[in-house]
Amino acid sequence: MGSTPAHTNEGPGRRDLIKRSAAIGLISVPTMGFLSACASSSGDGNGKVEKGTKTEKNPLAVNEGAPLDFVLFDGGFGQQYAKDAVKIYETNYPKAKVKFTPTQKITTTLQPRFNGGNPPDLIDNSGAEQMDMGVLVGQKQLADLTPLLDAPSIDDPKKTVRDTLRPGIVEMGQFDGQPCWILNYAYTVYGVWYSQKLLDSLDAKYPQTWDEMIAVCEKAKKKGIAAWTYAGKHPYYVPFSLYPMIAKVGGREVLDAIDNLEPKAWEHSAVKACFEAYYELVRKGYILKGTPGLDHIQSQTAWTEGKALFIPNGSWVENEAAKTMPADFGLAVSGPTGLDASDKMPFGTIWAAGGEPFIVPAKAANPAGGMEQLRIMLSEASSKNFTQSVKSLTALNGGTDGIELSPGLKSGVAALEKAGQNVVNPRLQDWYVALQKEKIGVAGIGELMAGRATPAETIKKIQKYADEAAQDSSIKHYKHQ
């Protein structure tokens, strides 16, 4: 499922949802040694190789004889997709020697190298030892990937790499401005997941309005089926469907205001309406009994066993719940149900975002080579290879034609096509980990969904948490540009 072992074993910090997005667990636990190492790097980065000749086939002016140093996180996605892409690089640049190093110890392996000023040329910065992105960006340790984004794509030179990427990929790599420091290679679809077979057995269609949702919930209840369950012990899963619903109802600017920690952002009428809607599920008994005490695996198991119809989740659920999911389950995902025709965004609006972050260090000897390796990975051939082998979409907007997709992937692709440009990507998960996960998620939404707090009480509490974060000078603050 995820790309990190920590994703599969619950425990403190199991799933840092801020760094996760897609079938990818990106758990950030940098050591203080690394933080100080970045800040006090003694290397001067003067060991850079000379640029090559820029040509139509070599738009990044890669030095064709220069070595390439590539460090890959060896997690749930394995090594083969990267090895295959390296072979293409070696074919295109036969004089270049590629050093390929797979490891699960990203920080342990790379801290001394960053400290010494001789980092690799390309890094898959993922896993339980993921280096802190905010620190890397803040200490100017990363190269701006704009040359890669503006380079012609492998498959269609008339299109830039930027033009071929899925919505939100470039934005996720940005921090306070236009430069893009990170390229998230995998792509996760978040939303409401369900069994098409079970929905069909109720003679129902996925509800588009909240009145339709309540009607479907009532049908399920009469059949002895709970309409909803969720990871009660980790209620920060609920936003996977709740946040895009808020955007659908009030417009994406509501989520932007929340991300920006603006005063009274949580008091917006769209937030109130969506909290009231979810609280209605609680009040009317449409949540699987005992859900607040279930973890992610227990809630997913109950769901795959047909005890509940809907669950908020990400596309990794197809792999994570595979052991208990019947072959005829009919796994499907949809964007959130809205309120009514007055919603600001159309039905199909969905949350989707990138994960598995690749970076090129600023002091890399061969940054052009690192970016060229990424350009190769963003080709249709490499993208298809990844999707077929690990059951995950990539950042390439397409790359699935002609390959057989699993049910969840097929539904995810259809959901993205339906959404079009109506894809949202809340940044609280990237910018403010503790606020989103423990305060908004557990102390706020968790209490609401357990029926222990009203929407009004929850909104007041969450706004207080957001205001405290906004006023905390020890936290680096980000804003949508």
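The values are calculated or read from the model by the stated rules, or taken from the named source; none is laboratory data. Predicted model only: the values in this text are computed from it and were never measured. Reconstructed Cβ throughout: ideal geometry from the backbone, glycine too, with neighbour counts over all protein chains shown. Only protein heavy atoms, including side chains, enter the accessible area calculation; ligands, DNA and RNA are left aside. Shrake-Rupley method; radii C 1.70, N 1.55, O 1.52, S 1.80 Å.
Residues in segment 59-79 that are touching a residue at least 60 places away in the same chain (Cβ under 8 Å) and over 22 Å from ASN118 (Cβ atoms): 5 in all. Taken over segment 66-104, the criterion of being in contact with a Ser or Thr (Cβ under 7 Å, 6 or more places away or on another chain), in a helix (DSSP H, G or I) and aromatic (Phe, Trp, Tyr) is satisfied by TYR81 alone. For LEU142, the criteria (1) touching a strand residue (DSSP E or B) at 6+ places or on another chain (Cβ under 7 Å); (2) open to solvent by 30 Å² or more (accessible area, probe 1.4 Å) hold in every case but one, which is (2). Among the residues of segment 412-444, those that are part of a helix (DSSP H, G or I), over 17 Å from the mean Cα position of the chain (by Cα) and either more than 21 Å from PRO239 (Cβ to Cβ) or among the polar types (S, T, N, Q) (or both) comprise ALA414, GLU417. So in segment 335-382, with the set limited to residues that are out of contact with any helix residue (DSSP H, G or I) (no Cβ under 6 Å at 6 or more places or on another chain) and of a type in the set (Ser, Thr, Tyr), which one is nearest to ILE88 (Cα to Cα)? Once the filter is applied, the top-ranked residue is SER379. Taking the criterion of being in contact with a strand residue (DSSP E or B) (Cβ under 7 Å, 6 or more places away or on another chain), among the polar types (S, T, N, Q) and surrounded by 19 or more Cβ atoms within 10 Å (Cβ to Cβ), the residues of segment 72-130 that qualify are ASN125, SER126, GLN130.
All conditions in (1) among the hydrophobic types (A, V, I, L, M, F, W, C); (2) over 16 Å from the mean Cα position of the chain (by Cα); (3) outside any loop (DSSP other than H, G, I, E, B) hold for ILE154, with the sole exception of (3).
Cβ separations smaller than 6 Å between residues 6+ apart or across chains give the following pairs from segment 375-393 residues that are under 20 Å from LEU60 (Cα atoms) and assigned to a helix (DSSP H, G or I) to residues that are open to solvent by 10 Å² or more (accessible area, probe 1.4 Å) and of a type in the set (Val, Ile, Thr): ILE376/ILE88. Looking only at residues that are of a type outside the set (Ser, Thr, Tyr), closer than 27 Å to TYR194 by Cβ and crowded, with 24+ Cβ neighbours inside 10 Å in segment 355-395, which one is farthest from the chain's Cα centre (by Cα)? Ranking the qualifying residues of segment 355-395, first place goes to PHE386. When we screen LYS344, LYS323 for residues that are without any contact (Cβ under 8 Å) to a residue 40 or more places away in the chain and open to solvent by 30 Å² or more (accessible area, probe 1.4 Å), the only hit is LYS323. With respect to (1) more than 27 Å from the chain's Cα centre (by Cα); (2) open to solvent by 10 Å² or more (accessible area, probe 1.4 Å); (3) of a type outside the set (D, E, K, R), the lone exception for CYS217 is condition (2).
Considering every residue within segment 178-198, establish whether at least one is of a type in the set (Ser, Thr, Tyr), part of a strand (DSSP E or B), more than 28 Å from SER382 (Cα to Cα) and touching a residue at least 24 places away in the same chain (Cβ under 8 Å). Taking every residue of segment 178-198 in turn, at least one turns out to be of a type in the set (Ser, Thr, Tyr), part of a strand (DSSP E or B), more than 28 Å from SER382 (Cα to Cα) and touching a residue at least 24 places away in the same chain (Cβ under 8 Å). Taking the criterion of being open to solvent by 40 Å² or more (accessible area, probe 1.4 Å) and more than 27 Å from SER334 (Cβ to Cβ), the residues of segment 408-462 that qualify are VAL433, ALA434, GLU438, LYS439, ARG452, THR454, ALA456, GLU457, LYS460, LYS461. Looking across segment 221-237 at every residue that is closer than 10 Å to ALA308 by Cα and either crowded, with 22+ Cβ neighbours inside 10 Å or modelled with pLDDT under 95 (or both), the one that is farthest from the chain's Cα centre (by Cα) is identified as ALA226. Within segment 287-316, the residues that satisfy the criterion of being in contact with a helix residue (DSSP H, G or I) (Cβ under 9 Å, 6 or more places away or on another chain), in a loop (DSSP other than H, G, I, E, B) and more than 10 Å from ILE225 (Cα to Cα) are GLY290, LEU294, SER315, TRP316. Within segment 266-278, the only residue that satisfies the criterion of being in contact with a helix residue (DSSP H, G or I) (Cβ under 6 Å, 6 or more places away or on another chain), open to solvent by 40 Å² or more (accessible area, probe 1.4 Å) and not charged (D, E, K, R) is HIS268. When you check GLY306 against the structure, is it crowded, with 24+ Cβ neighbours inside 10 Å, at pLDDT 95 or above and either among the aliphatic types (A, V, I, L, M) or more than 17 Å from the chain's Cα centre (by Cα) (or both), yes or no? No.
Being at pLDDT below 90 and of a type outside the set (Gly, Ala, Ser): is that true of THR188 here? Yes, satisfied. Inside segment 251-261, residues that are free of Cβ contacts under 8 Å to residues at least 60 places away in the same chain and over 22 Å from ALA341 (Cα atoms) make up a count of 1.
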